[in-house]
Amino acid sequence: MGSVIQHVGSLGAGALTKLTTNTLLGVQVSVLGELIGLLRHAGADVARVLEAVAATPVWSPVAGRVAGSMLAGGFAPQFPVELIEKDFTYTVDTATSELMVPTIAAARGVFRAAMQCGLGKANMTAVVKLFTEPTRSA
């Protein structure tokens, strides 16, 4: 999957690395979905705003692909909502309490809401629908 092999520690550290990676991805996806919904609601030119943000150091390499998918409505499953939610659950379980990881727990709630709206099989970027379609609600 990657071009570099990195030793991250003893048995189990690789699984934690995978959970960390997927959790960070899921948090970014949920925030981008919310921001796109907010920008649309405010009447902003979403693409132009995101293009400006992309020129700053806070923009991650994956954010452009995620935002592009959301804006284009490209929700063919690559990494489905239900799989990201599963990884969030493992991450919260590892923390032993939502109180230890409140931001992660909140992002998991976004993906759970998406599943309740029938988006479980759709690509993770479909969570944007919770914030952009009037009939859906996070």
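Data for the structure
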read-out: Computed label-point distance, nm, for sites residue 55 and residue 16 using a 7 Å Cα→Cβ extension; value: 4.1 nm
read-out: Cα gyration tensor shape for region 1-132, rounded if a/c is under 1.5, else prolate or oblate; value: prolate
read-out: Accessible area per residue in Å² at 1.4 Å probe, computed on region 40-138; value: 57 Å²
read-out: Residues of type aspartates and glutamates that residue 121 reaches as a straight line, Cα spacing below 14 Å, ignoring anything fewer than 8 places off in the same chain; value: 82, 85
read-out: Share of carbon and sulfur in the accessible heavy-atom surface of the chain [1.4 Å probe, %]; value: 62 percent
read-out: Of 84, 69, 103, farthest towards positive along the dipole that unit charges on Lys, Arg, Asp, Glu beta carbons give region 39-105; value: 69
read-out: Residue 20 accessible area, 1.4 Å probe, all protein chains in place, Å² to nearest 10; value: 90 Å²
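The values are calculated or read from the model by the stated rules, or taken from the named source; none is laboratory data. All figures in this text were calculated on a predicted structure; none of them were measured in a lab. A quick note on method: Cβ atoms are made from the backbone with ideal geometry, for glycine too, and the neighbour counts reach across all protein chains shown. Accessible surface areas use protein heavy atoms only, side chains included; no ligands, DNA or RNA. Shrake-Rupley method; radii C 1.70, N 1.55, O 1.52, S 1.80 Å.
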